[in-house]
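The values are calculated or read from the model by the stated rules, or taken from the named source; none is laboratory data. Quick caveat, the model's predicted, so the values are computed rather than measured. Reconstructed Cβ throughout: ideal geometry from the backbone, glycine too, with neighbour counts over all protein chains shown. All accessible areas refer to the heavy atoms of the entire protein, side chains included, with ligands and DNA or RNA removed. Shrake-Rupley method; radii C 1.70, N 1.55, O 1.52, S 1.80 Å.
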Amino acid sequence: MKAIGMVEYKTVSTGIRAADLIVKTADVELIQAQTVCPGKYIILYTGDLSAVKASTDAAKTQFGEALIDSFVLGNPHESLFRALSCTAELERIAALGVIETFTGASAIVAADHAAKTAEVTVFEIRVCRGMCGKSYVLLSGTVAAVEEAVASAVAKISDEGLVLDYAVIPAPSQDFVKTLM
């Protein structure tokens, strides 16, 4: 079963050491391993569920003192990969959902949960870049589907206190929507 995992660290040097440990621990493929604002380091990887879990556990155990957030998702929604690379294509947005989080890991977990909750398209997941370490998710669908997906995703990650803000915009201006693509 394909899975994805992520660890997010306070410092670049710890993040680089953790990335090395992650690929040495199990058969995983790095999707992203990079510095993000404000000097944090994120590592996103994929592989079989057992490999992703083993690598995540090793990184959390070895470098737990600098860990900000992490996750392991077995069977991630297929839209996540396109949304992370901003390559999802949409013709028209009937309703726009926005979920803003304090960590990159929580944004990806929220996006996966939203996509599995209602018939929506997650078309962008911005992970910590240019936002002082915050992240956001953009999704579209009918107004009812977007409202359901956003509410459910926000409830999913609220317990950890990682939701910064969220919105549902029915019938957004298509001129504005062009700026999102």
### Task
Please name which of 39, 166, 177 has its Cα lying farthest along the dipole of the chain towards the positive end, using unit charges on Cβ (Lys, Arg +1; Asp, Glu -1) and the Cα centre as origin.
39
### Query
Quick one: putting +1 on the C-beta of Lys and Arg, -1 on the C-beta of Asp and Glu, what dipole do you get for segment 117-181 around its Cα centre, in Debye to the nearest 20?
300
#### Entry: Rounded accessible area per residue of segment 36-109, 1.4 Å, Å²
42
### Summary
Percent of all Cα-Cα pairs per 5 Å bin for the chain, counting from 0 up to the last occupied bin, reads 1, 9, 18, 21, 20, 15, 9, 5, 2, 0
### Message
Running a GNM on the chain with Cα contacts under 10 Å, which residue among 121, 11, 61 ends up with the highest mean-square fluctuation?
### Response
61
### Query
So for the pair residue 116, residue 129, with labels modelled 7 Å out along Cα→Cβ, what separation do we get in nm?
2.6
#### Entry: Principal-axis tilt of helix 12-25 within the chain, Cα atoms, nearest 10 degrees
80
### Message
Just want to confirm a number: the relative contact order over segment 5-87, from Cα pairs under 8 angstrom separated by 6+ residues, in percent.
### Response
38
### Task
For the pairs 2/178; 53/116; 40/178, note any where the Cα-Cα span goes beyond 25 Å.
2/178; 40/178
### Query
Whole-Hz Karplus ³J(HN,Hα) for segment 153-163, in order, using 6.51 cos²θ - 1.76 cosθ + 1.60 and θ = phi - 60°, x for Gly and Pro?
5, 5, 4, 4, 9, 5, 4, 7, x, 9, 7
### Task
With label points built 7 Å along Cα→Cβ from the Cα atoms of residue 171 and residue 37, find their separation and express it in nm.
3.3
## Note on the structure
The ³J(HN,Hα) series, computed from each phi in segment 105-119 with the Karplus coefficients 6.51, -1.76 and 1.60 at θ = phi - 60°, rounded to the nearest Hz and given as x for glycine or proline, is 4, 5, 5, 5, 4, 4, 4, 4, 5, 4, 5, 8, 8, 9, 7
### Query
Among 168-176, 25-33, how do they line up from the highest to the lowest mean number of other beta-carbon atoms within 10 Å?
25-33, 168-176
### Task
Using a 10 angstrom cutoff on alpha carbons, build the Gaussian network for the chain and name the most mobile of 161, 133, 74.
161
### Task
Please return the longest stretch of the chain lacking exposed loop sites, where trypsin sites (Lys or Arg not before Pro) count only if DSSP places them in a loop and at most 14 other Cβ atoms lie within 10 Å.
1-91
### Query
So what is the relative contact order of the chain, in percent, for Cα pairs below 8 Å that sit 6 or more residues apart?
22
### Message
Considering only C-alpha atoms, what is the centroid distance from segment 143-181 to segment 59-118, in Å?
### Response
13
### Query
So what is the calculated 222 nm ellipticity per residue for the chain, using -39500 (n - 2.57) for each DSSP H run with n of 4 or more, over all residues, to the nearest 500 deg cm²/dmol?
-12000 deg cm²/dmol
### Message
Along the Cα→Cβ direction, 7 angstrom out, place labels at residue 178 and residue 60. What is the inter-label distance in nm?
### Response
4.6
